[in-house]
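Derivation of every value follows stated rules applied to the coordinates shown; laboratory data play no part. Everything quoted here is computed from the prediction, not taken from an experiment. As a convention, Cβ positions derive from the backbone with ideal geometry for all residues, glycine included, and neighbour counts pool all protein chains shown.
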Amino acid sequence: MAGTILSVTAKLNDNISQSPFIVLGDLSKLYLQTYVSEADYQMFQVGSEADIIFDALPDQTFLGKVIQVNPVLDKSTSTAVVGGLVQMDPTTANLLMGMSSSVDVIVGRTQNAVLIPLAALHEYTPGKYAVFVMRNGKLAVDFVGVGLKDQVNVEITSGLKAGDIVSTGLVGTKHQ
C-alpha cells in the first residue's frame, strides 16, 4: 500500500508527458479521522504525536502526528466531540481503508520518572500537592512537585525518590 499513487496521466488527443496531471489519491500518506471528547480539546493540538493500534493488528503500535483539528464541535452523537486528522508514519503493514483503530494522542513524554498512583496525590491548596509517604515506619505528609498526569499515574518531579512508599487509602489518626 505504501508508495501507491492513483492518478490519470492523459486523455485522448492530449500531449503525453512523464508526470501525472491529476492525482486521484496518494496512498503513500495514510490518514485517520479521529475524535476526542470535548473535555480533552485543549490537549488535542496540531503537531502532537499519536500512537495508533488497529483492531485487526492489536500487537502492533503505529506512530503518527495530529495534522488537523476541526474548529467546530461535533454534536451529531450523544457526546460532543472534536474531530481531527492524524497522519500515520509510513509503514509496510498490510492495512485496509476503513479499518477500525484506537488513537492515543501523546501530550507529553518523560523518561526515568518517579510515578505514583493518581489516587495517592492530594491537592493541599490550588497548585500545591502532597502525598502520604512512609518515613521511619510512620505515615508522614510530604509536599511534592508534579509533572505529567494521565488517568492513572502522576509524575513526581520533586519531594519523592524512587522506592518511596506512598499511601492511596484514607489515613486514620489515633486520638489520645
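Return the residues of segment 62-92 that are of a type in the set (Val, Ile, Thr) and either surrounded by 13 or more Cβ atoms within 10 Å (Cβ to Cβ) or not in a loop (DSSP other than H, G, I, E, B) (or both); say none if nothing qualifies.
Within segment 62-92, VAL66, ILE67, VAL69, VAL72, VAL81, VAL82, VAL86, THR91 meet the criteria.
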Check your understanding: How many residues are over 23 Å from GLY108 (Cα atoms) and among the acidic types (Asp, Glu) when one looks only at segment 36-58?
Key -> 1
